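Encoded as structure tokens, the structure appears first; notes follow it.
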Amino acid sequence: MKKFLIFLLAVLALTFVACGKDKDIESYLDMERINSEFNIEKQDKEQIKFTDKDEPRSAYRIFNFQKMKSVDFKNPKKIDKLEEFYLGKNCEIIYKDESTIIVLVLAQDNSYAYNIQSFDDSKTELMMAVSIGSDKELSEDELFNLLDEAKSFIK
């Protein structure tokens, strides 16, 4: 059930993303660490999606990094559009600033599903999405720790 919810979250997270065309995504990420700690589900020049290995965890995570076109990345309303999209899906906005949105997408049967989307221009125009399925409600601090973990994959 958790993995199905996370798959659904990952699809929602990618709704507004468009790919860029410069360097391969691998050149911006710590691929050695990703390969050793996670299962790579999808990878091409513009995107990589990796998940937790099948080990017992209270929170199952899917990480997704995708290069964006400059015009889409520089759109000052991209977070507002994501917020509008999530609110239209009856999601609860937990946190929002100019580059990050954290959303409770679904809570049912003692399971919680979250999406964290953030945009990073430290090396290139990357969209980071973390979809989380959890047996317990996560605090804002725990969600920010997951965002920090996602950021730690960027070289």
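The values are calculated or read from the model by the stated rules, or taken from the named source; none is laboratory data. These numbers come from a predicted model, not from an experiment. Backbone-built Cβ (ideal geometry, glycine too); neighbour counts: all protein chains shown. These area figures cover heavy atoms from the full protein model, side chains too; ligands, DNA and RNA do not enter into them. Shrake-Rupley method; radii C 1.70, N 1.55, O 1.52, S 1.80 Å.
Summary table
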quantity	calculated
Anisotropy class of the chain from Cα gyration tensor, a/c 1.5 cut	oblate
Cut-off 12 Å between beta-carbons: net charge of the residues surrounding Thr100, Lys and Arg +1, Asp and Glu -1	-3
About the Cα centre, charge dipole magnitude for the stretch 17-155 (Lys/Arg +1, Asp/Glu -1 at Cβ), debye	580
Computed FRET value (nearest 0.05) for Ile93 with Ser139, which takes r as the C-beta separation and R₀ as 22 Å	0.90
Residue-wise HN-Hα coupling along the stretch 94-109, computed from phi with Karplus coefficients 6.51, -1.76, 1.60 (Hz; x: Gly, Pro)	8, 7, 8, 9, 5, 10, 9, 9, 10, 10, 8, 7, 7, 9, 7, 6
Per-residue HN-Hα couplings for the stretch 27-36 [Karplus 6.51, -1.76, 1.60; θ = phi - 60°; Hz; x = Gly/Pro]	5, 9, 10, 7, 5, 4, 5, 4, 4, 7
Cα-centred dipole magnitude for the stretch 69-113, charges only on beta-carbon of K, R (+1) and D, E (-1), debye, nearest 20	260
Accessible area of the chain divided out per residue, in Å², using a probe of 1.4 angstrom	52
Fraction of accessible area attributable to carbon and sulfur, the chain (%, probe 1.4 Å)	47
Equivalent ellipsoid dimensions for the stretch 85-151 as semi-axes, Å, which come from the Cα gyration tensor, largest first	22, 14, 9
Binned Cα-Cα distance frequencies in the stretch 43-121 - 5 Å width, integer %	3, 12, 20, 21, 21, 14, 6, 2, 0
Computed E for Arg57/Asp24 - FRET, C-beta separation, R0 30 angstrom, nearest 0.05	0.50
GluC sites (Glu not before Pro) restricted to the stretch 35-129 and DSSP loop, no more than 16 other C-beta within 10 Å	Glu98
Exposure of Asp121 as accessible area (Å², to 10), given a probe of 1.4 Å and all protein chains	110
Charge-dipole axis of the chain as Lys and Arg at +1 and Asp and Glu at -1 on Cβ define it, positive-most pick from Ser111, Ile93, Pro76	Pro76
Nonlocal amide H pairs with Glu46, under 5 Å, H built at 1.01 Å	Ile25
Within the stretch 103-135: backbone nitrogen closer than 16 Å to the Lys74 label point (7 Å, Cα to C-beta)	120-126
